[in-house]
Amino acid sequence: MAPTLKRGREADALDEDQDDLSTRPAKLVKSSSDIRSFFTSSPPSSNATALVSTTKPRTKNASAEPITKKTPVKTTAKKASAKSTTTTKKTGSIDSDYARLLKDYVYNPNGWNGVTADNFSSEMAVYTPAITKLGETRSKDAFNLLMYASEHCYGDLEFCFKSSGFGETEEPFKEMDEAMVKIIEKRVVEEGKGEMGVVGDVYVADGNGELAAFMEELGGKERLNKSERGKQLKYRRLDFKNGVAKRRELREVARDWIGNALADLVRTRDFIEQYGIGEFYFAHSIAKLEGMKVGEA
């Protein structure tokens, strides 16, 4: 029998060990619940909070990028002056009172129900003392404000045949007229008569208003239904409101303030005279302005 070499014996022993291992059950490896075990680039840290970054973001070096101090920007908007605030509040109050009275219209007004020109005139005359006081220091503002009230002191005369009232507009009209004469005289002293006859300083209402357009759509229809009458009322009052706004804007900048005011007052007087209440409507003021225009006053 040939002698067995040492290397051969070791090889046989290794084969036996391999056979023995193959027959053993595989040892279960306990899975780790630590997610850090999947990152083989570095061993898991014993500190569980090490995964949460506590490093604050680096701030820019002040020396690397100089910070320029911003200069506060001054606004060019000016605060509303006491002048504009006063006139705005007064016109707003006039608008509010006028709108409130319009809501109280009924088709058969009397002393207990509905409103007429009597109510509108007395309501606007309430502003006369405050406007007169304003005229002591700011005659132009007082003049324009009283002119604004003069367009709201008779209401909607076309609403019904009783809208002109029962003869009680005389006293309020006289009160406002007397105040207007004094304010006119004060304004002439402060700034003169202005420039007479400036083209464009007198407002001329056009005939292409909302009401005219609506009536044209109806094609001359005379008997309107309820819906059409409602629209007729709406557009008539809208035309009035737009006209008042345009006249006010022009009045503020008119160089011929005498001619501007005279045209507005005469136009209103002639209109309301059709309803029998134009006789005392700023009668002395109109005469005063007419005399100034021809150089007699």
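Taking the stretch 206-239 as the region of interest, how many residues are in a loop (DSSP other than H, G, I, E, B), loosely packed, with under 15 Cβ neighbours inside 10 Å and in contact (Cβ under 8 Å) with a residue 24 or more places away in the chain?
Adding up the residues that qualify gives 0.
(1) surrounded by 14 or more Cβ atoms within 10 Å (Cβ to Cβ); (2) closer than 16 Å to residue 269 by Cα: which one isn't true of residue 167, the others all being true?
Unmet for residue 167, out of (1) surrounded by 14 or more Cβ atoms within 10 Å (Cβ to Cβ); (2) closer than 16 Å to residue 269 by Cα: (1).
If you scan the stretch 65-108, which residues turn out to be assigned to a loop (DSSP other than H, G, I, E, B), modelled with pLDDT of 95 or more and closer than 22 Å to residue 149 by Cβ?
Passing the criteria: 103, 104, 105.
Does residue 266 count as in a helix (DSSP H, G or I), free of Cβ contacts under 8 Å to residues at least 60 places away in the same chain and in contact with a helix residue (DSSP H, G or I) (Cβ under 8 Å, 6 or more places away or on another chain)?
For residue 266, the condition - in a helix (DSSP H, G or I), free of Cβ contacts under 8 Å to residues at least 60 places away in the same chain and in contact with a helix residue (DSSP H, G or I) (Cβ under 8 Å, 6 or more places away or on another chain) - is met.
The values are calculated or read from the model by the stated rules, or taken from the named source; none is laboratory data. These numbers were taken from a predicted model, which means no experiment stands behind them. Counting neighbours? That spans all protein chains shown, and the Cβs are built from the backbone with ideal geometry, glycine included.
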